[in-house]
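Trainee: Pasting in a structure now, in structure tokens, and then I'll have a few things to ask.
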Amino acid sequence: MAARRSMRFQCTFCFTIIPVGEEMAGKRMACPNCAKSLAVPRSAFDMGSVIADFVIEGVIGEGGMSTVYLARQLSMDRRVALKILSAYYLAEEKYQRLFLKEAKAAARLNHPNIIQAVAVGLADGVLYYAMEYIKGRTLAQRIEQERTIEPDEALNIIQQVAEALHMAWSQENLIHRDIKPDNIMLADDGLAKVMDLGIAVTREEAREADISGT
């Protein structure tokens, strides 16, 4: 993503939020609050950059339409996973709708085996969706690294995912449509979390929706 015409970043010394123009990207400046010399992030999405209520700490992963960053929510002082729609897709209203639909679907579902939504919004030309940060790896990463999973543990993961899907259906008549190892997060404590509700549909929507999914 290219830097925006303006951006904000956080001083590493006094934690002041500093607005700058894109011409300052990658340069050094004095903090207007503590006067310490600072390196300005090279783009609006580098470490230290601020998007709405979130300070970016690094990249977690990249997909076809978006990038997920590790970030700290300033108002709550907690780490979150911050998903940002790429500038290319932001120009298309249909992709904006899909992005917002995922965030709203997650917000309606409150279950220990579903990634919880934290916030969604548009700030300075950036469409973002913040969700709880899970320390762990996806089931796909686990399979790639270890090749096999013991049957009892595999069944436990399947049961957790099934309970999440059952709740989504029984409470919201929601069909995920994209269940695969890439969309199942395994926390370090063994908890399985379903994520990515981007193509989920309700029972009513399913009557008109194209056949798609995993």
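The values are calculated or read from the model by the stated rules, or taken from the named source; none is laboratory data. Source: prediction; values computed, not measured. Note that each Cβ is placed from the backbone with ideal geometry, even for glycine, and that neighbours are counted across all protein chains shown. For accessibility, only protein heavy atoms count, side chains too; no ligands or nucleic acids. Shrake-Rupley method; radii C 1.70, N 1.55, O 1.52, S 1.80 Å.
Trainee: If you take the residues in region 93-115 that are assigned to a loop (DSSP other than H, G, I, E, B) and crowded, with 16+ Cβ neighbours inside 10 Å, which one is modelled with the lowest pLDDT?
Mentor: So, considering only residues that are assigned to a loop (DSSP other than H, G, I, E, B) and crowded, with 16+ Cβ neighbours inside 10 Å, the one modelled with the lowest pLDDT is Leu109.
Trainee: Take the conditions open to solvent by 50 Å² or more (accessible area, probe 1.4 Å) and of a type in the set (D, E, K, R) and apply them to Asp124. Does it pass?
Mentor: Yes, satisfied.
Trainee: Does any residue in region 18-30 that is free of Cβ contacts under 8 Å to residues at least 24 places away in the same chain and assigned to a helix (DSSP H, G or I) come within less than 9 Å, Cβ to Cβ, of a residue that is among the basic types (Lys, Arg) and loosely packed, with under 12 Cβ neighbours inside 10 Å six or more places away or on a different chain, and which pairs are these?
Mentor: Glu22/Arg5
Trainee: Tell me yes or no: at least one residue of region 180-196 is in contact (Cβ under 8 Å) with a residue 12 or more places away in the chain, over 18 Å from Gly136 (Cβ atoms), of a type outside the set (Lys, Arg) and buried (at least 17 other Cβ atoms within 10 Å of the Cβ).
Mentor: no
Trainee: In region 57-92, what count of residues is obtained for those that are among the small types (Gly, Ala, Ser) and modelled with pLDDT under 90?
Mentor: Residues meeting the conditions: 6.
Trainee: I need a count of the residues in region 127-148 that are open to solvent by less than 50 Å² (accessible area, probe 1.4 Å) and out of contact with any helix residue (DSSP H, G or I) (no Cβ under 7 Å at 6 or more places or on another chain).
Mentor: Total meeting the criteria: 6.
Trainee: Note down all Cβ pairs under 8 Å where the first residue falls in region 120-140 and is more than 14 Å from Ile60 (Cβ to Cβ) and modelled with pLDDT of 90 or more, the second is crowded, with 17+ Cβ neighbours inside 10 Å and among the basic types (Lys, Arg), and they're at least six residues apart or on different chains.
Mentor: Once the first residue is more than 14 Å from Ile60 (Cβ to Cβ) and modelled with pLDDT of 90 or more and sits in region 120-140, its partners that are crowded, with 17+ Cβ neighbours inside 10 Å and among the basic types (Lys, Arg) give Val126/Arg4.
Trainee: Then there is this: In this structure, does Ala154 turn out to be within 24 Å of Gly63 (Cβ to Cβ), modelled with pLDDT of 90 or more and open to solvent by less than 50 Å² (accessible area, probe 1.4 Å)?
Mentor: Taking the combined requirement at face value, the residue does not satisfy it.
Trainee: Ok, one more. Looking at (1) within 30 Å of Ile114 (Cβ to Cβ); (2) open to solvent by 60 Å² or more (accessible area, probe 1.4 Å); (3) among the hydroxyl-bearing types (Ser, Thr, Tyr), which is the only condition Thr12 fails?
Mentor: Result: Thr12 fails condition (1) only.
Trainee: Output the residues belonging to region 31-64 that are in contact (Cβ under 8 Å) with a residue 40 or more places away in the chain and either under 23 Å from Ala91 (Cβ atoms) or assigned to a strand (DSSP E or B) (or both).
Mentor: Residues satisfying the conditions are Ser43, Ala44, Phe45, Ser49, Val50, Ile51, Ala52, Phe54, Val55.
Trainee: Consider Asn173 against the criteria (1) at pLDDT 90 or above; (2) touching a Lys or Arg at 6+ places or on another chain (Cβ under 8 Å): it satisfies all of them except one. Which criterion is unmet?
Mentor: For Asn173, the failing item is (1).
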